[in-house]
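I have placed the structure first, in the form of structure tokens, so that the comments after it can refer back to it.
The values are calculated or read from the model by the stated rules, or taken from the named source; none is laboratory data. Model, not experiment: these values are computed from the prediction. Here Cβ is always computed from backbone atoms with ideal geometry, including for glycine, and neighbour counts include all displayed protein chains. Ligands, DNA and RNA are excluded from the accessible area calculation, which covers all protein heavy atoms including side chains. Shrake-Rupley method; radii C 1.70, N 1.55, O 1.52, S 1.80 Å.
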Amino acid sequence: LENLQPEIKELAKRLRYEVSVRGKQLGWSEKVARFHFTKNMRRIVTELYIRDNCHPFKATLLVWVQIPMWVCVSLALRNYSIGALGSAVQEQFSSGGALWFTDLTAPDSTWILPVSLGLVNLLVVEV
């Protein structure tokens, strides 16, 4: 979308000129000229989105799926770790870790996992 902005600005400038010339020829009011400019600009931008396959909704689609999924997984892990779903699951979490985190119900005192998770997410966003 950002790469299309210079092209959209150039097309808008040219369309504004064409609408003003056509409006003077046909005696359009300012309101009618603005309506025709908006209608044609919307059509041109839609054609650009189709041409480059970059509709703005595609950028937000992941968020509408990812946020509810993150909330559900977070709540499920919280319920598992506090024993809300039974003590057998909590016992498995308390003895099922690896490396330096042998108890998955205890907070990470070394901050290795939270920091590494934050850095990986930052890397994903930047890439």
Qualifying lysines (Cα of each under 27 Å from Cα of Lys24; at least 8 residues distant if same chain): Lys9, Lys13, Lys39
Highest-first arrangement of 36-46, 17-27, where packing means the average Cβ count within 10 Å: 36-46, 17-27
Assigning unit charges at the beta carbon (Lys, Arg +1; Asp, Glu -1) and nothing else, what dipole magnitude in debye, to the nearest 20, does the chain show about its Cα centre? 1360 debye
Could you give the accessible area per residue of the chain, probe 1.4 Å, as a whole number in Å²? 82 Å²
Region 103-117 and region 36-91 have their Cα centres apart by a whole-number Å value of 27 Å
Determine the share of the chain's accessible area contributed by carbon and sulfur atoms, expressed in whole percent, with a 1.4 angstrom probe. 65 percent
Given points 7 Å out from each Cα along the Cα-Cβ axis, report the Leu113 to Asn40 separation in nanometres with one decimal. 6.1 nm
Working from Cα positions, state the angle (0 to 90°, nearest 10) between the long axis of helix 112-126 and the longest principal axis of the chain. 20 degrees
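How high is the FRET efficiency between Glu2 and Trp70 when r is their beta carbon distance and R₀ equals 22 Å, given to the nearest 0.05?
Details: r = 26 Å, r/R0 = 1.19.
For Glu2 and Trp70, the calculated efficiency is 0.25.
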Label-point separation in nm, Trp100 to Leu62, each point 7 Å along Cα→Cβ: 3.0 nm
For region 32-40, take each phi angle, set θ = phi - 60°, evaluate the Karplus expression 6.51 cos²θ - 1.76 cosθ + 1.60, and give the result in whole Hz per residue in order, putting x for glycine and proline. 5, 5, 5, 4, 5, 4, 5, 4, 6
For the pair Gln92 and Lys13, how long in nm is the line joining their label points, each one 7 Å along Cα→Cβ? 6.5 nm
